[in-house]
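This report refers to the structure that appears directly beneath it.
The values are calculated or read from the model by the stated rules, or taken from the named source; none is laboratory data. Note that this is a predicted model, so its numbers are computed, not measured. Cβ coordinates were reconstructed from backbone atoms using ideal geometry, including for glycine residues, and neighbour counts include every protein chain displayed. Just so you know, the surface numbers come from the protein's heavy atoms only, side chains and all, with ligands and any DNA or RNA stripped out. Shrake-Rupley method; radii C 1.70, N 1.55, O 1.52, S 1.80 Å.
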Amino acid sequence: MRDLCRHRIGRNHGNSRFETGALRSYDAVPRQRTTRMSCDVDEAAARLRAGGDALELPLKSRLHGECLQSLVLRRARLQAPIFDHCEIRDSVFDGCDLSNARFFGATRVQSCRFTRVDFRSAGLNDTVFIDCSFIRCDFRGSHFDDCAMEHSRFEACRISGTRMHADRVRACRFEGTLRDVHFIGSGQGSQLEADLSQCVLDDVSFEGCSLDRVIPPSEEHYLYLPDVGARAQRALRSGTIDPARQALLLRRLRRYAQQQGTIINVEQLRQIEGAELADALLACLA
């Protein structure tokens, strides 16, 4: 099985994108300054496969081209591991420390469950997550910029201060609070596909992507405007903007005119802009 996995993974070297099914192409932890300990690649993989409770790897163990399947790790301290061209499948991580981990070579993680895992300051940029669940995980300081996610669920996770490529989020569900998260699309035709119905959106923005395939938060204080760009452009052409607030309203409307869609947290908007300006802006977008 291992040789088969190695052969299959090896064919993807030099290719940063997987083409599987519907998947499209594709307080932070301080960096550790401890002297690097040596660990043979095969030894690190063997320890992971052995699994068990409270496993500890040497600092910055590097795994290259490994197919890691059916792992069961609880309270493991992996100490900033480096996964390069690896595949991790059908595995369980419970209470593990993956802070400062690094993923390279389009490492693929499929059908895995992560519960209370510490991902703080992890480099997830070159990772493909498929059919995974993340429950009460801490992603503070992690970067999702080039991470691809499909059919995955994030429940009560701490996700803040990051960007996600809208085109690479496919049929995912987020539950809990997203704070200072920015979904960035590539422009016309770019789609975000996500269920945000059980989300609290705190300073979340949507740029250059359509929200036609997004389920917005169910709370009444969210305003779902999949056509906000057209609405803002119409308001700018109308000539009926309140002269007393014209400068501020024009600035806000021009910003919305550059977007395809948005979800406005009305309560937060009123706290930031003040009730009168917020209500005038919402009236322009009505």
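Quick notes
- Per residue, the chain exposes an accessible area of 48 Å² to a 1.4 Å probe, with every protein chain left in place.
- Shape analysis of the range 164-231 based on the Cα gyration tensor places the equivalent ellipsoid semi-axes at 18, 14, 11 Å, largest first.
- Extension gain, ASP145 to THR115, is 8.6 nm, computed as 0.36 nm per intervening residue step minus the present C-alpha separation.
- Split the accessible area of the chain by element, probe 1.4 Å, and carbon with sulfur accounts for 45%.
- The chain - Debye-derived log10 I(q)/I(0), Cα point model, q = 0.11, 0.14 Å⁻¹: -0.68, -0.98
- Here the gap between ASP180 and ARG254, fully extended at 0.36 nm per residue and compared with their Cα-Cα distance, gives a gain of 24.5 nm.
- Highest to lowest packing among 229-238, 142-151, 55-64, scored as the average C-beta count within 10 Å: 142-151, 55-64, 229-238
- Available extension along the chain between SER238 and VAL72 is 53.6 nm, counting 0.36 nm per residue and deducting the alpha carbon span.
- For the residues GLU219, GLU155, GLU66, a 1.4 Å probe over the protein chains yields an accessible-area ranking, largest first, of GLU219, GLU155, GLU66.
- Site pair GLU267 and ALA286 shows an inter-label distance of 2.3 nm when each label is modelled 7 Å from Cα along Cα→Cβ.
- Share, in percent, of DSSP beta bridges within the chain that are antiparallel, nearest 5: 5 percent
- Value of relative contact order over the range 124-222, rounded to a whole percent, pairs C-alpha under 8 Å and six or more apart: 21 percent
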